[in-house]
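The values are calculated or read from the model by the stated rules, or taken from the named source; none is laboratory data. Since this is a predicted model, take the numbers as computed values, not measurements. As a convention, Cβ positions derive from the backbone with ideal geometry for all residues, glycine included, and neighbour counts pool all protein chains shown. Ligands, DNA and RNA are excluded from the accessible area calculation, which covers all protein heavy atoms including side chains. Shrake-Rupley method; radii C 1.70, N 1.55, O 1.52, S 1.80 Å.
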Amino acid sequence: MNTGAPGKSRLLPGYVALYFLFLYLPILLLPVFSFNNAAATTFPLAGFTTKWYVSLRGNGEMLAAAVNSLIVGVCVSGLSTLLGICAARAITRYRFRGRRAANGLIMAPLFLPEIIVAVSLLMVVLAAGMELSLATIILGQTVFCLPYCMSVLTAGFEGFDRSLEEASLDLGETAFGTFRRVTLPVVAPAILSSLLVSFTISLDEFILAFFLSGTEPTLAVYIWGQLRFAAKLPSVLALGTIMLLISILLLTIAEVVRRRAERRYATGGYAHA
Amino acid sequence: MAITASHAPAELAPPEPPRPRWSASEEASGLALISPTLLYAVSLLALPILIVFAYSFWSQDYLTIDRALTLENYRTALFEPMYQDLLGRSLVISLVVSLVTVAISYPIAWFISFHGGRHKNLWLFLITVPCWTSYLLRVMSWKVILGYQGVLNTGLMSAGITDQPIASLLYNSNAVVITLVHSWAAFAILPIFVSLEKIDRSLIEAARDLGDTRLMSFVRVVLPLSLPGIISALLIVMIPTVGDYVTPKLVGGKDGVMIATAIQAQFGKGANWPLGAALSVTTMIVVSAMAGLTVLALKLVVRKIR
């Protein structure tokens, strides 16, 4: 479709390029300064070094935080995806009173200041006499990740053709067999995508982890503590670069899985049966 | 999964079913299936917010909470000059951030929707990647860019545009706005993109065939039809932004402090939960009102220029 005027269409790509520069500049700077042989993050660069990465290896505090982040991330992605599957399936498959209200409540964290979610959870947790721990971070981050899982999962479930399940049942497959052989292969990419996306969000999430952590910090909370010390910035940037690569890797896998599934089912090739 | 639940009645039902039991109905299956998630959201989202609401009417004496209802916290939150300043600044910043984000993101959403071709998904992926990488480090990165000896200053100086570093780039409200606009870019692009995708392209052709210029067809067809996307983009940026904690702390300096810092203080050193609760509730209500007014104003403007 040709809606752009000649002058305009030359202007627009330039704008898009500028916008992408704006979007990616801060992210590209992390790796640049993490290999820079100086404690100060200023230009001109002072030569190449990997010493900031090496310094991470013996850093027990950081490694402990990384393990905490891993535990929290796995639990959050599992829990929020499981809860997301129930809700997304209910919403895409059944009509019931209060469906919109329920969906609205689950998606609400997207439209709330995060600090208010964090503060309210903190009050409840402390009022209930619970100790702050990794468990409280998991509970909080799951609330926060649910909307993202829901959007991935409802999109994946919406295209699902219900008659396939009915056909399978009519042909004598059990309910469980139908789920395993018909439903699961179709929705599996969305589920995997939801797991990866929520893990990535949990890994980077700071506010809830900051308010709800006890004595065991996650990586984000650890980084926050380190930012006060200017001299430690390069090693934090090195850590950030590693986390960045992990995030990008996970998101790319999620995207590839989702798109392959989309293509497979869009062309009508239910080849797995 | 509840596959059998919806099937059984259909197979067993007599030709004129009296009225199927509610427990076997579609409604019951749906509610049963959503109940774990709903229960979770009610107990860890709705309930906590209600408790914040309750706390905001109580008062605190050292460590004991006095449950007699009082409006004292709201009086402090609304009339104490310090909180007035912080709330006012937070509102201005979130309004500016949401308007700027939507304005600069709209052309990108438009570009992807109308010129993205076969690679729309790839474009959207590239837009969302930066948003899902560590928020703390992105803010930190802006500190590196805008700092006195930062990337921007050294760049400007080596290009000969300035001969002295500009000190006013960092530690003020502008730095907060720039950083937040960057953080929320994808959240603005996605809803606008979705609403642009829904527009029936033949409507634009019709407007052009009937003699509208490109600009007029945009203003009279595309813009009004993408309004729902613009509105959700505004809301999804404006409301969370008002309570941002990290950005003002890292790049805001003294005159970029926002309300979240005051709220956090009440749960940390200040240790006045009821006041913290009242500040939270006030912030939510005021920002919702501002969001409502902005949406209303936007609708009026679009109707006018159409």
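The table for this structure:
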| quantity | calculated |
| --- | --- |
| Complete set of residues in the stretch A:58-93 that are touching a Leu at 6+ places or on another chain (Cβ under 7 Å) and of a type in the set (D, E, K, R) | A:R89 |
| Scan of the stretch B:161-172 for residues that are surrounded by fewer than 19 Cβ atoms within 10 Å (Cβ to Cβ) and hydroxyl-bearing (S, T, Y), ordered by number | B:T162, B:S168 |
| Residue count, the stretch A:88-107 (criterion: closer than 16 Å to A:Y148 by Cα and small (G, A, S)) | 3 |
| Residues (without any contact (Cβ under 8 Å) to a residue 40 or more places away in the chain and assigned to a helix (DSSP H, G or I)) located in the stretch B:121-141 | B:N121, B:L122, B:W123, B:F125, B:L126, B:V129, B:W132, B:L137, B:S141 |
| Residue in the stretch B:35-48 that is within 18 Å of the chain's Cα centre (by Cα), open to solvent by less than 40 Å² (accessible area, probe 1.4 Å) and either more than 30 Å from A:A88 (Cα to Cα) or at pLDDT 90 or above (or both) present | yes |
| Unique match (being open to solvent by 10 Å² or more (accessible area, probe 1.4 Å), of a type outside the set (A, V, I, L, M), modelled with pLDDT under 90 and farther than 30 Å from B:S168 by Cβ) among B:S202, B:S195, B:S232, B:S217 | B:S202 |
| Close pairs from the stretch A:153-177: first in contact (Cβ under 8 Å) with a residue 60 or more places away in the chain and within 11 Å of chain B (Cβ to nearest Cβ), partner surrounded by 17 or more Cβ atoms within 10 Å (Cβ to Cβ) and not in a helix (DSSP H, G or I), Cβ under 7 Å, at least 6 apart | none |
| Pick from the stretch B:235-249, criterion more than 7 Å from every other protein chain (Cβ to nearest Cβ) and open to solvent by 10 Å² or more (accessible area, probe 1.4 Å), ranking: farthest from B:V286 (Cα to Cα) | B:K249 |
| Answer residue from the stretch B:270-280, given it is buried (at least 20 other Cβ atoms within 10 Å of the Cβ) and either more than 9 Å from chain A (Cβ to nearest Cβ) or modelled with pLDDT of 95 or more (or both) and is farthest from B:F79 (Cα to Cα) among those | B:P274 |
| Failed criterion for A:A127 (all others in (1) of a type in the set (G, A, S); (2) within 8 Å of another protein chain (Cβ to nearest Cβ); (3) within 24 Å of B:S35 (Cβ to Cβ); (4) open to solvent by 60 Å² or more (accessible area, probe 1.4 Å) hold) | (3) |
| Residues that are within 12 Å of chain A (Cβ to nearest Cβ) and buried (at least 23 other Cβ atoms within 10 Å of the Cβ), drawn from the stretch B:251-261 | B:V251, B:M258, B:I259, B:A260 |
| Pair list, Cβ < 7 Å and 6+ apart or interchain, from the stretch A:92-105 residues that are surrounded by fewer than 16 Cβ atoms within 10 Å (Cβ to Cβ) to residues that are assigned to a helix (DSSP H, G or I) | A:R95/B:E26; A:R95/B:G30; A:R97/B:E27 |
| Given (1) surrounded by fewer than 20 Cβ atoms within 10 Å (Cβ to Cβ); (2) within 10 Å of chain A (Cβ to nearest Cβ), number of the condition B:G116 does not satisfy | (2) |
| Residue among A:A87, A:A108, A:A65 that is open to solvent by less than 10 Å² (accessible area, probe 1.4 Å) and within 7 Å of chain B (Cβ to nearest Cβ) | A:A87 |
| Residues being open to solvent by less than 20 Å² (accessible area, probe 1.4 Å) and out of contact with any Pro (no Cβ under 6 Å at 6 or more places or on another chain) - total across the stretch A:144-185 | 11 |
| The stretch A:200-223, residues that are out of contact with any Cys (no Cβ under 6 Å at 6 or more places or on another chain), over 16 Å from A:M130 (Cα atoms) and of a type in the set (V, I, T) | A:T200, A:I207, A:T218, A:V221, A:I223 |
| The listed residue being closer than 29 Å to A:L237 by Cα and not hydroxyl-bearing (S, T, Y), out of B:F125, B:F111 | B:F125 |
| Residues of the stretch B:195-242 that turn out to be over 26 Å from the mean Cα position of the chain (by Cα) and outside any helix (DSSP H, G or I), as a count | 5 |
| Output for the stretch B:71-113, where each listed residue is surrounded by fewer than 16 Cβ atoms within 10 Å (Cβ to Cβ) and among the β-branched types (V, I, T) | B:V92 |
| Single match in A:L70, A:L79 (criterion: open to solvent by 20 Å² or more (accessible area, probe 1.4 Å), more than 7 Å from every other protein chain (Cβ to nearest Cβ) and touching a Ser or Thr at 6+ places or on another chain (Cβ under 6 Å)) | A:L79 |
| Selected residue (only one of A:P234, A:P217 is away from chain B (no Cβ under 12 Å), crowded, with 20+ Cβ neighbours inside 10 Å and of a type outside the set (D, E)) | A:P217 |
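Table: residues versus (1) of a type in the set (F, W, Y); (2) in contact (Cβ under 8 Å) with a residue 60 or more places away in the chain; (3) in a loop (DSSP other than H, G, I, E, B).
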| position | (1), (2), (3) |
| --- | --- |
| A:A38 | no, yes, yes |
| A:T42 | no, no, yes |
| A:V54 | no, no, no |
| A:L63 | no, no, no |
| A:V67 | no, no, no |
| A:L70 | no, no, no |
| A:G73 | no, yes, no |
| A:V76 | no, yes, no |
| A:S80 | no, yes, no |
